[in-house]
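To start, the structure under review is shown below, and the notes come after it.
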Amino acid sequence: MCRPGRGRGSASASAAASASSTTAASRVPETLTVFAAASLKKTFTELATEFEAANPGVTVALNFAGSADLVTQITEGAPADVFAAADTKNMAKLTGAGLVTGAPAVFATNTLEIAVPPGNPAGVKSFADLADPATKVVICAAQVPCGAATAAIEKATGVTLAPVSEENAVTDVLGKVSSGEADAGLVYVTDVAGAGTSVLGIPFAESGTAVNSYPIGVVAASKHAELGTLFAGFVTGPTGRKVLAAAGFGTP
Amino acid sequence: MTQASGRAAVSLRGTARDDTEVLGVPRWIVAIAAVGALFIVLPIVGMTARVDWANFGALVTSPSAIAALLLSLRTAAASTALCLLLGVPMAVVLARSQFRGQRLVRAFVLLPLVLPPVVGGIALLSTFGRRGLLGQTFEVLGIQIAFSTTAVVLAQAFVALPFLVLSVEATLRASGARYEAVAATLGAAPNTVFWRVTLPLVVPGLVSGAVLAFARALGEFGATLTFAGSLEGVTRTLPLEIYLQRETDPDAAVALALVLVVVAVVVMVATHRPRGLS
């Protein structure tokens, strides 16, 4: 049942890859499983819908989690076809182990921004203000990508933060700011953009000292490698650029 | 009557030897029970097989690991004490009195057992948080709960309390109110009855309930992460440390996970004995 479907799917995938992706009208139903970093939830959900529309018969199944969690899942044999990470370090774990083929392409960048509750109760204006001991600051732990970026900025600016909490995920930082428990948090620009009116973003110039790159690659064990390559091209291509830029991601 | 009180006296002394007579258990039940036991034990064996024994000592004695273990033991002990303080009176009221809405009250008391811990965390945050129901009051008193060790204890007590209440209430119901009734007819005041009769009666249930509560508090994760945050030595308990180490150092995470399993098993084996209630 699986083999003929896969053969014809791959054939039409290569046809679509060589021609315009919109011409692949006679595709046999095929499901592409994409593992993507949690910060890509909104953009990849939108891109998956557009990819499905452009490639009739293709269903994109999405799995969002922290990059390190996804690396563990793929290492343990989870059936992923494409992996998009929030930093190059996590992608390197898979390329190093031969679990992702080729050189993953960087499709977006992200920088940090200060998030404060609406009304900015602690009156935070700059990165240096975060060092004020009276200000309750929440950051990501150094073990996760957003925390590594925070540590890099601390090092570059010489400002040492005394956070009240070091969270595992950027969404937990955002949650503690939007609930008003924390006076300020360091999250990605895209998190502030996606949070609407629940938090206020305060950009700071020093954020440029830590830019996170988002790479995308096709999983070596994938049975839909050609379709996966097509999807990766779609993300790095014009449609991907447009959707990612609208969400606040930078262009690599 | 004599038989009943004799039985109660046996379980009261905690030596229900005559209840443990060998019964004929059908083989198929033994077979299924063995599968059930394997289902629980095998994943632990699987995890143990992944332990990097060469570096085990270094992994579990790192400053952050020690800080997390000590914080876990301290907070679990504190939350167990809080559970005893609040849970015993709750169990006594539930077992020894009848009032309208009792079933509803019991359902609410047991709610943390079925709530996902993260929901418990959100509930605690909306109550004790800065902008929560009681947050303003605490702020005025100069007490800040969020991001403090107190928050960890509250989160643990919230999820562990039902274990204690259930255990003590079951013991009270099983032992019956006969002794209390006799004491009362002999002229003992309610206070005397509670301290001299009720409390000694529930000691076995109290011990096993406290052990379960302690073990549950030790494993608390979701409510703590949501409500208390994660900072070394302050709010980052062992489960949170394991979760964080997994990001960069899976070997350390597995080693610490084994430590948590060992601590939990030691606590349970050392103190938890199933009551031989008939």
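Just a few scattered comments:
- Each Lys and Arg contributes +1 and each Asp and Glu -1, all at the Cβ; summed about the Cα centre of region B:55-271, the dipole is approximately 880 debye.
- For the protein assembly as shown, with +1 on Lys and Arg beta carbons and -1 on Asp and Glu, the positive-most of B:A65, A:A141, A:N120 along the dipole: B:A65
- Summed over qualifying helices (DSSP H, 4 residues or more, each -39500 (n - 2.57)) and divided by its residue number, chain A shows a 222 nm mean residue ellipticity of -11500 deg cm²/dmol.
- Compared with the dominant principal axis of the Cα atoms in chain A, helix A:225-236 is inclined by about 40°.
- Length gained on full extension, B:L38 to B:W53: 3.0 nm, using 0.36 nm per residue less the C-alpha separation.
- Counting only other chain Cβ atoms within 10 Å of each residue's Cβ, the peptide A:135-144 averages 3.
- A Gaussian network model of chain B, with springs between Cα atoms under 10 Å, assigns the largest mean-square fluctuation among B:A255, B:A33, B:A107 to B:A33.
- Measuring nothing but how far apart in sequence close Cα pairs (under 8 Å, 6+ apart) lie, relative to its length, chain B scores a relative contact order of 31 percent.
- Efficiency of FRET between A:K41 and B:V30 - r from beta-carbon atoms, R0 45 angstrom, step 0.05: 0.40
- Per residue, the average separation of C-alpha pairs within less than 8 Å and at least 6 apart gives chain A a relative contact order of 27 percent.
- Legend: mean number of C-beta atoms from other chains within 10 angstrom of residue C-beta atoms, peptide A:162-169, equals 6.
- Unit charges at the beta carbon, dipole of region B:55-271: most positive-side option, B:S79, B:V262, B:A189: B:A189
- Which of B:R100, B:R246 has the fewest Cβ neighbours within 10 Å, and the rest in rising order: B:R100, B:R246
- Residue by residue along A:172-183, Cβ atoms of other protein chains within 10 Å of the local Cβ number 4 on average.
- Every helix of 4 or more DSSP H residues in chain B counts as -39500 (n - 2.57), and over all residues that averages to -23000 deg cm²/dmol at 222 nm.
- Assigned charges on the beta-carbon of Lys, Arg, Asp, Glu; the protein assembly as shown dipole about Cα centre (debye): 1720
A short reminder: the numbers here are calculations on the coordinates, not readings from a lab. The shown structure was predicted, so the numbers you read here are calculated from the model rather than taken from an experiment. All Cβ positions, even for glycine, are placed from backbone atoms using ideal geometry, and neighbour counts span all protein chains on display.
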